[in-house]
Amino acid sequence: QKEIEETINDIKFIIYTDNEFQQLERKIDFIHKSQITQNPLIITEGKTDWKYLLAALRYFHNKNEFQEIKDSYFLKFGSQIDIEENVCGCNCYYEGSSSQLIGLLESMVKSRKIRGGENYTIIGIFDSDDRKVKCINDSQNKVFSFMIEPENISTEFLFSKDDLKKSDCFKRLYIGTEFDQKTKKLISNPKISLGGNSNNINKAGKNVIIDSDVFDLNGKNIAKSKENFASKIYRSKILISDISWENFRFIFNKILILLKNH
């Protein structure tokens, strides 16, 4: 036990700020508790990603596919408000990011090397738009990770453009390539413009999701947040085509391979 605490303390001072470490520590505690049932644990990079994957898994379950992969395997995490409001069944306080998931998986490998005896599989799933991500494939300690395909996308781009742009309450997600790089105007409708801070404005012309500060002539923001989009997909409030759901198939194939082989 002392060695475990020392390892975690090393991680705290080398990798994480105090606030980030507190979140990591909570998640490690959650993972240790998962050992009681011996269930695999699947952790996505962001708090919207698991909502997409569980909605996709529901689609495949309805077709009697991937029955070996259970809803309960996924860590349903989010903000403290998400937990208090029980957003999509969220039960773990953690905001998520690629760097934190990398640190978490690496820490679990170190912890298992010390403690031993673990026999449930942990799988991390990353977007493919961060070149700094280095995936883990540790068969001995049963900690794995992989990135979605193709390269350089966030999970939202697994949906067809038609599905991605579906409006709800006159709001929708936008893609950077819809805006002129110089004028920041929506190419299909110059009355709509991209605003906000420099980071948001610089998304014009790029193949990235824009979920804030898109304004009409009256200065009204007409962009839907990714969180709202993901929650409504999870609750089947936005209908998604079979074509889009099929784009998620390779993720469950990879999960299934890891679960069966380890």
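Here are a few things to note about the model shown:
- FRET efficiency for the pair residue 169 and residue 63, taken as 1/(1 + (r/R0)^6) with r the Cβ-Cβ distance and R0 = 25 Å, rounds to 0.25.
- In the stretch 108-262, the portion of solvent-accessible area held by carbon and sulfur atoms comes to 49 percent [1.4 Å probe, whole percent, DNA, RNA and ligands not counted].
- The fraction of accessible area contributed by carbon and sulfur in the stretch 50-91 is 44 percent, rounded to a whole number (1.4 Å probe; ligands and nucleic acids excluded).
- Rolling a 1.4 angstrom probe over the protein heavy atoms with all chains in place gives the stretch 130-180 an accessible area of 56 Å² per residue.
- Convex hull volume of the Cα atoms of the stretch 164-262, normalised per residue: 131 Å³.
- Beta bridge orientation in the stretch 111-227: antiparallel %, DSSP, nearest 5: 65
- Working from label points 7 Å from Cα in the Cα-to-Cβ sense, the residue 91 to residue 242 distance is 3.3 nm.
- Backbone amide hydrogens, once placed in the peptide plane, bring residue 147 within less than 5 Å of 126, excluding anything fewer than 5 places away on its chain.
- Sorted largest first, the spans of the alpha carbon positions of the stretch 123-215 along the three principal axes are 57, 27, 19 Å.
- Separation of alpha-carbon centers, the stretch 102-164 and the stretch 84-100, rounded to whole Å: 17
- With semi-axes defined as the square roots of five times the eigenvalues of the C-alpha gyration tensor, the equivalent ellipsoid of the stretch 52-130 measures 24, 19, 14 Å, largest first.
The values are calculated or read from the model by the stated rules, or taken from the named source; none is laboratory data. Keep in mind it's a predicted model, so treat the numbers as computed, not measured. Cβ: placed from backbone, ideal geometry, glycine included. Neighbour counts: every protein chain shown. When the accessible area is computed, the model is the full protein with side chains, heavy atoms only, and any ligands, DNA or RNA have been set aside. Shrake-Rupley method; radii C 1.70, N 1.55, O 1.52, S 1.80 Å.
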